[in-house]
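One structure is given here, and the rest of the page talks about it.
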Amino acid sequence: MKNTECEQRNKGMAIFSGNANRPLTKEICAYLGMPLGAMDLTGFSDGEIYCQIMENVRGLDVFIVQPTCGPVNKNIVELLIMIDAFKRSSARRITAVIPYYGYARQDRKDKPRVPISSKLVADLLTAAGANRILSMDLHAGQIQGFFNIPVDHLYAAPVLIKYLKDLNIPNLVVVSPDAGGVERARAFAKLLKVGLAIVDKRRVGPNVAEVLHLIGDVKGKNVIICDDIIDTAGTLVNTVRALKEKGAEKIFACATHGVLSGPAIDRLSGAPLEQIIVTNTIPMSKSKKLPNMVVLSVAGLLGEAIKGIHEETSISNLFV
């Protein structure tokens, strides 16, 4: 028996990674002092995904780390195939660790004749054989209810708040870029012991938002815009513009998930932002890394959650 296999058997658990964010999985393994599970995860010439687990996982508590970021559909199918492989290899329990949950923004019928895609993805994960889900900063908290299996929903706030406190920014206000993010921004403002402001916006189309007005005072103050996702950065850049018009001084932006698709990098490059703070739930390529961008690691948070789930101990102290 290989040393890697012996170590995993002694702990009764194993951690494997899809191709979406292997560096994060390696960080989690390093945090827990565990080896990364061996798996052959490649593709056929026609694009079909091939998966073979290269070690015995019978009876093990298996954790598969795979954010469903871009390419979203490929990474989702890859995750489904991995789950099926572990189910058919007699793993005792399969936990899908999904730091970023794709399709989370399609969580309701907001127009006639549209799907609820986040519910569909939840059904697919359950049907594939996942026994548990571990995710972080879901775009809509009610997505937890789309699953008929346990869901542990973590927040990146502890990592972000610690970094923001260390910056020691004077005369600070936390800003929510829309009404939907008020609860998150209020929590940040409370933990940082600073004021709160809200930008009222109206979405006029997919990835298109129009800022209407600002609720709160930012004149002569430093500002942190707090959100869960930076995708095309249209909302963020419009918010920065509105805040500058209202007399804000230094502006910082923080978000858990740096999706950064389409025109995001061009928009952010031209925005007067002191820092753009994101986490590594989604891998950050060199082409997307801007000079004023800071990427914080959530490996410790996920590692503690994985440890708690495996040991059947409470992880409620992580839900802050």
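The values are calculated or read from the model by the stated rules, or taken from the named source; none is laboratory data. These numbers come from a predicted model, not from an experiment. Neighbour counts run over all protein chains shown; Cβ positions are idealised from the backbone, glycine included.
Quick check on segment 193-225: of everything there that is at pLDDT 95 or above and within 22 Å of the chain's Cα centre (by Cα), which residue is farthest from ILE282 (Cα to Cα)?
By that ranking, first place goes to ILE224.
Working only within segment 256-283, note down all residues that are among the hydroxyl-bearing types (Ser, Thr, Tyr) and touching a strand residue (DSSP E or B) at 6+ places or on another chain (Cβ under 7 Å).
THR256, THR279, THR281
Return yes when GLN106 is more than 13 Å from the chain's Cα centre (by Cα) and in contact (Cβ under 8 Å) with a residue 24 or more places away in the chain and no when it is not.
no
When you check GLY70 against the structure, is it in contact (Cβ under 8 Å) with a residue 12 or more places away in the chain, surrounded by fewer than 19 Cβ atoms within 10 Å (Cβ to Cβ), under 18 Å from the mean Cα position of the chain (by Cα) and not in a strand (DSSP E or B), yes or no?
yes
Output the qualifying pairs, or none if there are none: Cβ atoms under 9 angstrom, residues six or more apart or on different chains, first residue in segment 116-141 and farther than 20 Å from ASP61 by Cβ, second residue in a loop (DSSP other than H, G, I, E, B) and acidic (Asp, Glu).
From segment 116-141, the pairs are ILE116/ASP107; SER117/ASP107; SER118/ASP107; LYS119/ASP107; LEU138/ASP107; HIS139/ASP107; ALA140/ASP107.
In segment 231-270, what residues are more than 26 Å from VAL298 (Cα to Cα), small (Gly, Ala, Ser) and surrounded by fewer than 20 Cβ atoms within 10 Å (Cβ to Cβ)?
Selection gives GLY247, GLY270.
All but one of (1) closer than 25 Å to ASP166 by Cα; (2) not in a helix (DSSP H, G or I) hold for SER287, so report the exception by its number.
(1)
Hey, among ALA96, ALA104, ALA91, which residue is farther than 15 Å from PHE16 by Cα, touching a Leu at 6+ places or on another chain (Cβ under 7 Å) and not acidic (Asp, Glu)?
Step by step, each of ALA96, ALA104, ALA91 is checked, and only ALA104 is farther than 15 Å from PHE16 by Cα, touching a Leu at 6+ places or on another chain (Cβ under 7 Å) and not acidic (Asp, Glu).
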